[in-house]
Amino acid sequence: MGTVELQNLTKEFGSGDDAIVAVDDLSIQLEDGEFLVLVGPSGCGKSTTLRMIAGLETTTEGDIRIEDGLVTNREPRDRDIAMVFQNYALYPHMTARENMSFGLKMNSDLSEEEITERVEDVAGIMDIGDLLSDEPSELSGGQQQRVALGRAIVRDPAVFLMDEPLSNLDAKLRTTMRTELQALQEDLETTTIYVTHDQTEAMTMGDRIAVLNEGELQQIGTPLECYNRPANRFVAGFIGSPSMNFVDVTLEDGALVHPEFEYDLSESTLETLAGHTELVLGIRPEDIELTDESGEIEASAQVVEPLGDFSHLHASIGDDTVTVTVEAGTAIPNDESLGLSVPEERLHLFDPETGTALKNSDAPVKNAHLLAA
Amino acid sequence: MSVLPEEFRLSSSGRDLIADAFAKVVLVLVLLFALFPIWMMIITSFKQRSELFQSGVTLIPQAFHVENYINMWNRFPLVDYFLNSLIISGVTTIICLLVASLAAYSFSRYDFRGKDLFGLTILSTQMIPGVLILIPMFMLFTMIQQDVGIQMTNTYHGIIFIYSTFTVPFAIWMLRGYFDTIPTALEEAARIDGCTRTEALFRIVLPLALPGIAATGMFVFIIAFNEVLFASVMANNDVTPFAIGIQEFSTNTQTYWTEMMAAATVSSLPLLLIFVLFQKQIVSGLTAGSVKQ
């Protein structure tokens, strides 16, 4: 059973007053076979967390359990894990075959023949059978990536740890490998913790994603939960591309008031907002619709970015700029007046001081493919 | 704007050609300058004494007089001197690489209290001229001999100890730069793959650092092989190295120049051999860190 439990995990670098808290009181539980993505901006503590699970960093406080065994103070080799590094970390003086068999030679009682058999099986899965006698310097980036993954898979560990494994690949290969990696993980059913700063990878790959910022866990949930029910303004802004639009508003007489518009709210929404006057309004670009000039919000068009299947329209509402997802081929001249309309159900409202979400969109949070299944 | 008409202007390939030729001429001049003493050493070793003292310098000997290479062995125990040099330089190199590679590794990978100070202290030892520590070192040796009863002057271990004192810091600095170029992720991968820290060092890091270690080892060997100052004071009698022994060709009555040059030529052979054998490692060791891995 490849369960992983992080309990009040804390990591401080340095000591005394100069100490920097990299990870702050982090608790996460992973089911066997789960694919968890740790996502956040640079310096949010996601890599440090992964390295603590691997045993490459000591913990300042808290416990790590793998398969119900306490591993906090165990050496990396005694944790039954395999890790894929950002720069692959293939041993340059060994062939692909030696790279893949190294872990089995060091850490298992398998015979030479059994090791060869396992390496060749995995090489078959990874489609690198022909490259086994090559040294890493003879391989392309994508091939090195496959060998690095193969090296992890061949160990058959309880947990895979992946530290931004796709970030060194070019955009096209990254997309292919993303799908492949996901399929592979589903086949192998090995618990995986995957670190990335790329919210697209987080959204598409993980069973659940854990969003970190400044060492603290902001939210953990399915990708759609984090997208449609963000716990706070940080998650709302970080997940989603282009990011959510934020506009400062005040609540007056049952309506959201902005210098350029007023937006009436329903009774039920007003109840949840009781006691708040200053608010941050959040709207996803795809939740905004273009209407004629008599729409709820008046705006003026700035730039249209065509992306092929759809376009992004940047429009200004007074001093604020918002992004709107519009149909492909939409042509709007600069400074043209627009009407924008947003259904109330899709509005997000945040407390401007704490950032906590007060109201979220009602968009569904169940994955379409799960519903079909 | 050039005033020259189009057809008289140099094409870019023509400019490259001239720049290339100029660079080559400069390189050849530098090479001649560097090789001239060596050429003189070799041709002098084939000259007869009478030819050497003729007026004017000849760049090519009139006749190859190989007797110098035979006579030189009979005049002094050159073989012993030569073996002494090899023993002293070889053991110094081994000890130096063992100590320095571990020290350089810890410098490169660990943070410890006083690391910067220790690093600077090591570097500063390289700035003290040998002649300044010659007398203190001699006094230290005399004290050890008197108080502890261990013979230090004119012994292998004595001179090897002295050489280690200034080659180890040098080697630590050189190897540290080399270890810095080896990504830590490789060791981490090895530790996850089942190695202890020590196993990761010996199975992954040291094999990768081999070019750097070879280059460093060669420099240490050359320093020890060519050292004259300490050897002239503290390595006499049975442990006299070649660099000191060769001076015996210069006697009170006359200097046997031709035989001395023959001996010098022979003594360059081991170093030449090391260069040829380890050329690839030395070059890659020297350029380590200059390119992105």
_Scan of region A:92-104 for residues that are facing chain B (nearest Cβ under 8 Å) and part of a helix (DSSP H, G or I), ordered by number_ = A:F102, A:G103
_Show me the helices (runs of 4 or more DSSP H) found entirely inside region B:113-213 where at least 2 residues are more than 14 Å from chain A (Cβ to nearest Cβ) and without any contact (Cβ under 8 Å) to a residue 12 or more places away in the chain._
B:115-125, B:130-143, B:156-180
*If we scan region A:290-302, do we find a residue that is within 15 Å of A:D248 (Cα to Cα), of a type in the set (S, T, N, Q), open to solvent by 70 Å² or more (accessible area, probe 1.4 Å) and in a loop (DSSP other than H, G, I, E, B)?*
no
*Answer yes if at least one residue in region A:207-230 is farther than 30 Å from A:E353 by Cα and not in a strand (DSSP E or B), and no otherwise.*
yes
_Could you check region B:183-206 and list, in sequence order, the residues that are open to solvent by less than 10 Å² (accessible area, probe 1.4 Å) and touching a Leu at 6+ places or on another chain (Cβ under 6 Å)?_
B:I204
*With respect to A:T222, determine if the residue is open to solvent by less than 10 Å² (accessible area, probe 1.4 Å), among the β-branched types (V, I, T) and either in contact with a Pro (Cβ under 9 Å, 6 or more places away or on another chain) or assigned by TED's automatic domain parsing to the domain that holds A:V23 (or both).*
no
*Looking for whichever is assigned to a strand (DSSP E or B) and either within 14 Å of chain B (Cβ to nearest Cβ) or open to solvent by less than 60 Å² (accessible area, probe 1.4 Å) (or both) here; the options are A:I64, A:I53. Which one fits?*
A:I64
_Single unsatisfied condition, A:G45 versus (1) open to solvent by 30 Å² or more (accessible area, probe 1.4 Å); (2) more than 23 Å from A:G33 (Cα to Cα)_ = (1)
*Residues satisfying the stated conditions in region A:264-285, i.e. without any contact (Cβ under 8 Å) to a residue 60 or more places away in the chain, open to solvent by less than 90 Å² (accessible area, probe 1.4 Å) and in contact with a strand residue (DSSP E or B) (Cβ under 6 Å, 6 or more places away or on another chain)*: A:T277, A:P285
*In the list A:D32, A:D80, A:D18, which residue meets the criterion of being in contact with a Pro (Cβ under 6 Å, 6 or more places away or on another chain), more than 9 Å from every other protein chain (Cβ to nearest Cβ) and surrounded by fewer than 22 Cβ atoms within 10 Å (Cβ to Cβ)?*
A:D80
_Of everything in region B:55-100, what is in contact (Cβ under 8 Å) with a residue 40 or more places away in the chain and either closer than 15 Å to B:A262 by Cβ or part of a loop (DSSP other than H, G, I, E, B) (or both)? Give them in sequence order._
B:H65, B:N68, B:Y69, B:N71, B:M72, B:R75, B:F76, B:P77, B:L78, B:Y81, B:F82
*For region A:83-100, enumerate the residues that are within 17 Å of A:S133 (Cα to Cα) and open to solvent by 10 Å² or more (accessible area, probe 1.4 Å).*
A:L90, A:P92, A:H93, A:M94, A:T95, A:R97, A:E98
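The values are calculated or read from the model by the stated rules, or taken from the named source; none is laboratory data. Since we're looking at a predicted model, the values are computed, not measured. Neighbour counts are summed over all protein chains in view; Cβ atoms, including those assigned to glycine, are modelled from backbone coordinates with ideal geometry. The area values use the complete protein model at the heavy-atom level, side chains included, leaving out ligands, DNA and RNA. Shrake-Rupley method; radii C 1.70, N 1.55, O 1.52, S 1.80 Å.
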